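I have placed the structure first, in the form of structure tokens, so that the comments after it can refer back to it.
Read the figures in this text as sums done on the coordinates, not as results from a lab. Just so it is clear, the model here is predicted, and its values are computed rather than measured. Here Cβ is always computed from backbone atoms with ideal geometry, including for glycine, and neighbour counts include all displayed protein chains.
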Amino acid sequence: MDARDDALTVEQAAEAFAAEVAYWREVRGLPKNELARRMGFSPSYVSHIESSRHKPTEDFARRAEEKLGAGKAIWKCWQEYEAAKARTASSAAVPTPRRAEQPYAIGSAIVVEHDAARLDYDGRLYRLTMRRLLRNTGTEPITRYLIRISVDRYPGEPERSNALYREHPLTWEELALTATCRGEEMRWQAKHDRDAFKEVWLRFENNEGRFPLYPGESVWIEYTYSVDEEKWGRWFQRAVRLPTEHLAVELAFPAALDPAVWGTETSMTAEASPLKTAPVQHEENGKRIFSWSTSTPALHARYRLEWRFRARPEREMNQGEFR
């Protein structure tokens, strides 16, 4: 992969750093004031970092990485921010040549018209199916789309989760990732490959040819992957990283487990609060299905659904009795 294709501007890199800190803080279940206390900063400073009002610093990046146990993800964003500053300084007098194609990146011309996620659990395995209707509102063809896969078995216990994934890292073989567009298989290419976190480029091409997303076009893409319950915590979070018109989530669990579901939402400027509307549930073919949706969610908002199985105490899972 040509490194220039992934190059971010200073502003984009700062936004990516802010979003990464907010993401891992929420994964660990920490309010801003608690993270600030652990890092030795004021709560307002952490809030300003997450809202991009303050720019990242090396000291903040090191402390955040240490306290959140982000598997170097925050530190990587800091390095990308520093690299973006260096590129800006070195190329200030020389205009960067315009590329013929516009790969997906933060600030790109992609709008998500509909984002639909369904998570199925069969008592042992979680299977996620993502469907997105993408529209190219720019002036150049788009050739790839970035997705994230992130797991945390023990939210709020980073040392325990990190130990688990160091010994049993998430592998591509077990994920069995597949993606399609217009009925065509999409190639994919790993961007970041860490024990509990993956970033993947879905490419608008396969062995038969290329099918870029051209300006003005809309197209559905779908991708699926699986994670064993030993590596998937009882939560599912959707982060709004691109302008999105409609977001929907379905959770399907065996009704015999008597599942209960609740959720919270956060933004770059607000603490976690209950979802404004409750998930709707119904039963179908032995499964209890919970549905939740929202229109025009705010950019960088995060919606987190959590659950428990009242017919299967959580202590069994925590003691390693995986079935």
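Taking the fewest neighbouring Cβ atoms within 10 Å as the starting point, the ordered list for C181, C77 is C181, C77.
Compute the label zone of E245 within region 294-308: residues whose backbone N is under 17 Å from the point 7 Å along Cα-to-Cβ. Zone members listed by number: 294-299. Spin-label pair S44-R160: with each label point 7 Å from Cα along the Cα-Cβ axis, the two points sit 3.6 nm from one another.
Given W78, V10, S44, which one lies farthest toward the positive end of the charge dipole of region 3-90, if we put +1 on the Cβ of every Lys and Arg and -1 on the Cβ of every Asp and Glu? The residue sitting most towards the positive pole is S44.
Computed about the Cα centre, the dipole magnitude for the chain is approximately 580 debye when only Lys and Arg (+1) and Asp and Glu (-1) carry charge, each at its Cβ. Note on K72 and A260: the model spin-label points, each 7 Å out from Cα along the C-beta direction, lie 4.1 nm apart. Computed over the chain, the quotient of the alpha carbon radius of gyration and 2.2 N^0.38 Å is 1.01.
Here R53 and T296 are evaluated by their C-beta separation; at R0 = 22 Å the FRET efficiency comes out at 0.40.
Free of any GluC sites (Glu not before Pro) that DSSP assigns to a loop and that have at most 11 other C-beta atoms within 10 Å, the longest stretch within the chain is 209-320. Within region 178-287, the trypsin sites (Lys or Arg not before Pro) that combine a DSSP coil assignment with at most 15 other C-beta atoms in a 10 angstrom radius are R182, K276.
Length available on full extension from R310 to E167: 0.36 nm per residue minus the Cα-Cα distance, which gives 48.5 nm.
Between Y214 and T88, what length in nm is gained on full extension when 0.36 nm per residue of separation is reduced by their alpha carbon distance?
Working: separation 126, 0.36 × 126 = 45.36 nm, distance 2.91 nm.
Additional length available on full extension: 42.5 nm.
Residues whose amide H lies under 5 Å from that of R288, counting only those 5 or more places away or on a different chain, are F253, A255; hydrogens are built 1.01 Å from N in the peptide plane.
Comparing Cα centroids, region 223-239 and region 124-147 end up 18 angstrom apart. If you plug the beta carbon distance of Q189 and R37 into 1/(1 + (r/R0)^6) with R0 = 41 Å, you get a FRET efficiency near 0.55. Note on T178 and A278: the model spin-label points, each 7 Å out from Cα along the C-beta direction, lie 3.7 nm apart. With θ taken as phi - 60° and the Karplus curve 6.51 cos²θ - 1.76 cosθ + 1.60 applied, the whole-hertz 3J(HN,Hα) list for region 144-154 is 7, 9, 8, 10, 10, 10, 9, 10, 8, 5, 10 Hz, x standing for glycine and proline.
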